[in-house]
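Chemist: Here it is, the structure, as structure tokens.
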């Protein structure tokens, strides 16, 4: 994938596969990556119940995922390049798309629940779409805009019900909503600043190494720790599972970024909600969010509209 530094037409061409059948690649990447994202939020809740801090769980999981993807890149002979441009790319992408957003989400889960966090990560589509229009990365298309807006409407229904609940922790609810802003920034940045001639398989481990470094530095702040208790094997098992989930999720993220573009990529959260919320309700005993059915129908319809438009365009 080359750097995105031309007109709107060149941006659209760079993101468009040549074969009419290759729309299946971004679609399958979206479904698989979103499913892993929904699973990730539930694993974070389980980790919290073992008294494992959000920072420790995130740091060790990201470090493990970075090692897995680095080994995968080495097998493919696509070691992450290190120069001024790529270091900037790793650092900004790591903060916006991994360390900052996930630390907010994982810290909020004990206060607002895994189901609600899974729902908030459906918000980036509108933010990404607006940003893509402003930056002239996309042309306005009615059906595409309708798909994103419909998916967003499903999230708004669920978030509004959550805020209106009598026992709502408004501070953590509002803080959780900062996460989608970071994710949208990351979606746009990774497309605009993708280093020329570097594959996603090389960029993904570089980004995760940078994220692990940032989280390690946060561990030096007062009253935080990266320690994991040895009293039980469960925290280590959860960290290992999350490391594999993160490795698959972020590898698919770069594949989807390359084949589907930043707006389709932002719908990972919508798919993640459709997986994460039922898991939180059925397997973790959380109360179903009010308006769950309406929200899922709207989110699913939005994804369908967005993909129909991409298929028609090709």
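The values are calculated or read from the model by the stated rules, or taken from the named source; none is laboratory data. All values reported here derive from a predicted model rather than from experimental measurement. Here Cβ is always computed from backbone atoms with ideal geometry, including for glycine, and neighbour counts include all displayed protein chains.
Chemist: Somewhere in region 103-122, is a residue touching a residue at least 40 places away in the same chain (Cβ under 8 Å), closer than 19 Å to residue 182 by Cβ and not in a helix (DSSP H, G or I)?
Modeler: yes
Chemist: Separate question: Among the residues of region 43-60, which ones are in contact (Cβ under 8 Å) with a residue 24 or more places away in the chain and either touching a strand residue (DSSP E or B) at 6+ places or on another chain (Cβ under 9 Å) or more than 20 Å from residue 272 (Cβ to Cβ) (or both)?
Modeler: Within region 43-60, 50, 51, 52, 53, 55, 56, 59, 60 qualify.
Chemist: If I ask for residues that are in contact (Cβ under 8 Å) with a residue 40 or more places away in the chain, over 15 Å from residue 273 (Cβ atoms) and in contact with a helix residue (DSSP H, G or I) (Cβ under 9 Å, 6 or more places away or on another chain), which ones from region 137-167 would you list?
Modeler: 137, 138, 139, 141, 143, 144, 146, 147, 149
Chemist: Do we find that residue 95 is over 22 Å from residue 273 (Cβ atoms), over 20 Å from the mean Cα position of the chain (by Cα) and part of a helix (DSSP H, G or I) in this structure?
Modeler: Considered against the rule, which asks whether it is over 22 Å from residue 273 (Cβ atoms), over 20 Å from the mean Cα position of the chain (by Cα) and part of a helix (DSSP H, G or I), residue 95 comes out as no.
Chemist: Something else: Which one of these is within 30 Å of residue 169 (Cα to Cα), modelled with pLDDT under 90, buried (at least 20 other Cβ atoms within 10 Å of the Cβ) and touching a helix residue (DSSP H, G or I) at 6+ places or on another chain (Cβ under 7 Å): 98, 117, 62?
Modeler: 117
Chemist: Tell me which of these residue 130 doesn't satisfy, since it passes every other one: (1) assigned to a helix (DSSP H, G or I); (2) touching a helix residue (DSSP H, G or I) at 6+ places or on another chain (Cβ under 7 Å).
Modeler: So residue 130 meets the others, but not (2).
Chemist: Starting from residues that are over 23 Å from the mean Cα position of the chain (by Cα) and farther than 15 Å from residue 160 by Cα, keep the ones in region 283-299 and report whichever is surrounded by the fewest Cβ atoms within 10 Å (Cβ to Cβ).
Modeler: 285
Chemist: Can you find, within region 186-237, the residue that is nearest to residue 82 (Cα to Cα) among those that are out of contact with any helix residue (DSSP H, G or I) (no Cβ under 9 Å at 6 or more places or on another chain) and either touching a residue at least 12 places away in the same chain (Cβ under 8 Å) or crowded, with 24+ Cβ neighbours inside 10 Å (or both)?
Modeler: Here the residue is 197.
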